[in-house]
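Input: a single structure, listed below in C-alpha coordinates.
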Amino acid sequence: MTYNYNTPQNAILSLESAYNNRDMEAIINSKDFIAEAKIILDKVSLGFEPNDEELISETAELLKLSLIRSIQENGFPNFEGVEVEFSEISKADGDLFYLNEKVTYPDGTFYYNKIFLTFDGSEWKIATIEE
(Lines give C-alpha, C1' and ligand atoms only; values in the text may rest on other atoms or scores of the structure.)
Protein backbone atom coordinates (compact mmCIF):
# COMPACT_ATOMS: atom_id res chain seq x y z
CA MET A 1 0.00 0.00 0.00
CA THR A 2 1.25 3.46 -0.86
CA TYR A 3 0.58 6.28 1.55
CA ASN A 4 0.79 9.96 0.62
CA TYR A 5 2.05 12.72 2.92
CA ASN A 6 2.37 15.58 0.41
CA THR A 7 -0.59 17.55 1.82
CA PRO A 8 -2.07 17.76 5.33
CA GLN A 9 -5.29 16.17 4.10
CA ASN A 10 -3.47 13.28 2.41
CA ALA A 11 -1.41 12.67 5.55
CA ILE A 12 -4.60 12.36 7.61
CA LEU A 13 -6.29 10.13 5.04
CA SER A 14 -3.14 8.00 4.89
CA LEU A 15 -3.19 7.54 8.66
CA GLU A 16 -6.85 6.52 8.51
CA SER A 17 -6.06 4.09 5.66
CA ALA A 18 -3.17 2.66 7.68
CA TYR A 19 -5.60 1.96 10.53
CA ASN A 20 -8.02 0.27 8.12
CA ASN A 21 -5.14 -1.77 6.66
CA ARG A 22 -3.89 -2.70 10.15
CA ASP A 23 -0.50 -1.41 9.07
CA MET A 24 1.31 -0.60 12.31
CA GLU A 25 4.48 0.54 10.53
CA ALA A 26 2.53 3.07 8.42
CA ILE A 27 0.64 4.27 11.49
CA ILE A 28 3.91 4.94 13.31
CA ASN A 29 5.40 6.60 10.21
CA SER A 30 2.36 8.90 9.90
CA LYS A 31 2.99 10.41 13.31
CA ASP A 32 5.38 13.07 14.62
CA PHE A 33 5.89 11.88 18.19
CA ILE A 34 8.47 14.59 18.94
CA ALA A 35 5.95 17.34 18.14
CA GLU A 36 3.27 15.52 20.13
CA ALA A 37 5.63 15.24 23.10
CA LYS A 38 6.34 18.99 22.97
CA ILE A 39 2.62 19.79 22.86
CA ILE A 40 1.83 17.53 25.80
CA LEU A 41 4.80 18.65 27.89
CA ASP A 42 3.93 22.29 27.27
CA LYS A 43 0.37 21.66 28.50
CA VAL A 44 1.18 19.61 31.60
CA SER A 45 4.47 21.01 32.85
CA LEU A 46 4.67 24.59 34.05
CA GLY A 47 8.47 24.45 34.07
CA PHE A 48 8.85 22.69 30.72
CA GLU A 49 12.07 23.66 28.98
CA PRO A 50 11.53 23.43 25.20
CA ASN A 51 15.24 22.62 24.71
CA ASP A 52 15.22 19.59 27.04
CA GLU A 53 15.86 17.11 24.24
CA GLU A 54 16.20 14.13 26.58
CA LEU A 55 12.79 14.70 28.17
CA ILE A 56 11.19 15.31 24.77
CA SER A 57 12.78 12.18 23.30
CA GLU A 58 11.76 10.00 26.26
CA THR A 59 8.21 11.36 26.16
CA ALA A 60 8.01 10.77 22.39
CA GLU A 61 9.08 7.15 22.85
CA LEU A 62 6.48 6.67 25.59
CA LEU A 63 3.78 8.13 23.33
CA LYS A 64 4.78 5.74 20.54
CA LEU A 65 4.73 2.74 22.89
CA SER A 66 1.40 3.90 24.34
CA LEU A 67 -0.14 4.05 20.86
CA ILE A 68 1.10 0.54 20.06
CA ARG A 69 -0.19 -0.81 23.35
CA SER A 70 -3.58 0.88 22.91
CA ILE A 71 -3.99 -0.73 19.49
CA GLN A 72 -2.92 -4.12 20.83
CA GLU A 73 -5.42 -3.88 23.68
CA ASN A 74 -8.32 -2.17 21.89
CA GLY A 75 -7.84 -3.05 18.24
CA PHE A 76 -7.48 -0.80 15.24
CA PRO A 77 -9.98 2.04 14.75
CA ASN A 78 -12.20 1.50 11.73
CA PHE A 79 -12.54 4.31 9.20
CA GLU A 80 -14.15 2.26 6.43
CA GLY A 81 -17.12 4.01 4.85
CA VAL A 82 -16.53 7.31 6.64
CA GLU A 83 -16.82 10.64 4.92
CA VAL A 84 -14.41 13.39 5.91
CA GLU A 85 -14.45 17.14 5.43
CA PHE A 86 -11.48 19.38 6.20
CA SER A 87 -11.17 23.05 7.05
CA GLU A 88 -8.34 25.13 5.66
CA ILE A 89 -4.93 24.58 7.23
CA SER A 90 -3.85 27.22 9.76
CA LYS A 91 -0.53 27.92 11.42
CA ALA A 92 -0.53 27.24 15.17
CA ASP A 93 3.03 28.06 16.21
CA GLY A 94 6.47 27.63 14.66
CA ASP A 95 6.36 24.54 12.45
CA LEU A 96 3.04 23.38 13.92
CA PHE A 97 -0.18 23.65 11.93
CA TYR A 98 -3.76 22.53 12.47
CA LEU A 99 -6.99 21.91 10.66
CA ASN A 100 -10.43 20.74 11.66
CA GLU A 101 -11.89 17.50 10.39
CA LYS A 102 -15.50 16.40 10.40
CA VAL A 103 -15.81 12.61 10.30
CA THR A 104 -19.23 11.21 9.39
CA TYR A 105 -19.85 7.48 9.82
CA PRO A 106 -22.27 5.48 7.65
CA ASP A 107 -24.88 5.52 10.44
CA GLY A 108 -24.91 9.34 10.41
CA THR A 109 -22.88 9.74 13.59
CA PHE A 110 -20.30 12.49 13.24
CA TYR A 111 -17.37 13.86 15.18
CA TYR A 112 -15.16 16.90 14.93
CA ASN A 113 -11.42 16.64 15.41
CA LYS A 114 -8.75 19.32 15.62
CA ILE A 115 -5.66 17.79 14.06
CA PHE A 116 -2.19 19.21 14.64
CA LEU A 117 0.42 18.52 11.97
CA THR A 118 4.03 19.30 11.18
CA PHE A 119 5.74 19.81 7.84
CA ASP A 120 9.44 19.08 7.36
CA GLY A 121 9.68 20.55 3.88
CA SER A 122 8.69 17.37 2.10
CA GLU A 123 6.16 15.47 4.23
CA TRP A 124 3.27 16.25 6.55
CA LYS A 125 2.98 14.24 9.78
CA ILE A 126 0.24 14.10 12.38
CA ALA A 127 1.36 15.41 15.77
CA THR A 128 -1.84 14.95 17.76
CA ILE A 129 -5.60 14.88 17.45
CA GLU A 130 -7.99 16.65 19.81
CA GLU A 131 -11.45 15.16 19.70
- Query: Can you name every residue in segment 25-39 that is touching a residue at least 40 places away in the same chain (Cβ under 8 Å) and touching a Ser or Thr at 6+ places or on another chain (Cβ under 7 Å)?
  - Reply: Ser30, Asp32, Ala35, Glu36, Ile39
- Residues (within 15 Å of Leu15 (Cα to Cα) and among the charged types (D, E, K, R)) located in segment 86-101: Glu101
- Message: For the structure I just gave you, tell me whether Asn10 is part of a loop (DSSP other than H, G, I, E, B), closer than 21 Å to Val103 by Cβ and either without any contact (Cβ under 8 Å) to a residue 60 or more places away in the chain or not small (Gly, Ala, Ser) (or both).
- Response: no
- Of the residues Phe48, Phe33, Phe79, which is aromatic (Phe, Trp, Tyr) and at pLDDT 95 or above? Phe33
- Message: Given the criteria closer than 17 Å to Phe97 by Cα and in contact with a Phe, Trp or Tyr (Cβ under 7 Å, 6 or more places away or on another chain), does Asp32 qualify?
- Response: no
- Message: Looking for something surrounded by fewer than 11 Cβ atoms within 10 Å (Cβ to Cβ), among the charged types (D, E, K, R) and either more than 21 Å from Gly121 (Cα to Cα) or within 15 Å of the chain's Cα centre (by Cα) (or both) - is there at least one such residue anywhere in segment 83-92?
- Response: yes
- Task: Would you check which residues across segment 20-61 are within 18 Å of Thr128 (Cα to Cα), within 17 Å of the chain's Cα centre (by Cα) and not in a helix (DSSP H, G or I) and list them?
- Result: Lys31, Asp32
- Query: So is Ala18 in contact with a Ser or Thr (Cβ under 7 Å, 6 or more places away or on another chain), crowded, with 18+ Cβ neighbours inside 10 Å and of a type in the set (Gly, Ala, Ser) or not?
  - Reply: yes
- Query: Given the conditions (1) over 13 Å from Lys125 (Cβ atoms); (2) in contact with a strand residue (DSSP E or B) (Cβ under 7 Å, 6 or more places away or on another chain), which single one is not true for Leu15?
  - Reply: (1)
- Task: Would you be able to say whether some residue in segment 62-80 is assigned to a loop (DSSP other than H, G, I, E, B) and surrounded by 15 or more Cβ atoms within 10 Å (Cβ to Cβ)?
- Result: yes
- Item | segment 96-115: number of residues that are closer than 18 Å to Pro77 by Cβ and in a strand (DSSP E or B) | 10
- Determine, yes or no, whether Ile115 is touching a helix residue (DSSP H, G or I) at 6+ places or on another chain (Cβ under 7 Å) and surrounded by 15 or more Cβ atoms within 10 Å (Cβ to Cβ). yes
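Quick check, is Asn74 over 18 Å from Tyr3 (Cα atoms) and of a type outside the set (Phe, Trp, Tyr)?
yes
The values are calculated or read from the model by the stated rules, or taken from the named source; none is laboratory data. If you're wondering where the values come from, they're calculated on a predicted model, not measured in any experiment. Glycine also receives a Cβ, built like all others from the backbone with ideal geometry; neighbour counts cover every protein chain displayed.
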